[in-house]
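Written out below as structure tokens is the structure these notes cover.
The values are calculated or read from the model by the stated rules, or taken from the named source; none is laboratory data. Please read all numbers here as calculations on a predicted model, not as lab measurements. Counting neighbours? That spans all protein chains shown, and the Cβs are built from the backbone with ideal geometry, glycine included.
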Amino acid sequence: MEEKWEKQLACAESCQRCGKSLLNKDRRLLSVYDHEPICMECKNEEEKRSDYEDMSRQMIATCMETTSKPYGDPASYCFHHFCPFKCKT
């Protein structure tokens, strides 16, 4: 998955959770549950889940192990589970 994240996230045209259309200027990020691009509204709902904190920690640990990059690296797949991204075209 980490090889495809940038293409999948950068200009995702819709939220994979709710189906909302996303414009280039709309922020989106990757879900900690399924690594699919989601809108900010769905991310806010995701954060309310009782298992969100545990899933976030698990995703970060797995992601850092897989990519060998620190979580805070803006070029890292891990970073975009928590830092919103916009389409640059």
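Going through SER50, SER56 one at a time, which residue ends up being at pLDDT 80 or above, loosely packed, with under 11 Cβ neighbours inside 10 Å and either closer than 16 Å to GLU36 by Cβ or among the hydroxyl-bearing types (Ser, Thr, Tyr) (or both)?
Exactly one of SER50, SER56 is at pLDDT 80 or above, loosely packed, with under 11 Cβ neighbours inside 10 Å and either closer than 16 Å to GLU36 by Cβ or among the hydroxyl-bearing types (Ser, Thr, Tyr) (or both), namely SER50.
Of all residues in region 17-42, count the ones that are under 14 Å from the mean Cα position of the chain (by Cα) and surrounded by fewer than 18 Cβ atoms within 10 Å (Cβ to Cβ).
Looking only at that region, the number is 7.
Between residues in region 1-29 that are within 15 Å of HIS80 (Cβ to Cβ) and polar (S, T, N, Q) and residues that are modelled with pLDDT of 70 or more and assigned to a loop (DSSP other than H, G, I, E, B), which pairs lie under 9 Å by C-beta distance while being six or more apart or on different chains?
GLN8/HIS35; GLN8/GLU36; GLN16/SER31; GLN16/ASP34; GLN16/GLU36
Can ASP34 be described as touching a Cys at 6+ places or on another chain (Cβ under 8 Å), modelled with pLDDT of 75 or more, at negative phi and assigned to a loop (DSSP other than H, G, I, E, B)?
no
Which numbered condition trips up GLN8, out of (1) at pLDDT below 85; (2) surrounded by 14 or more Cβ atoms within 10 Å (Cβ to Cβ); (3) in contact with a helix residue (DSSP H, G or I) (Cβ under 8 Å, 6 or more places away or on another chain)?
Among (1) at pLDDT below 85; (2) surrounded by 14 or more Cβ atoms within 10 Å (Cβ to Cβ); (3) in contact with a helix residue (DSSP H, G or I) (Cβ under 8 Å, 6 or more places away or on another chain), the lone unmet condition for GLN8 is (3).
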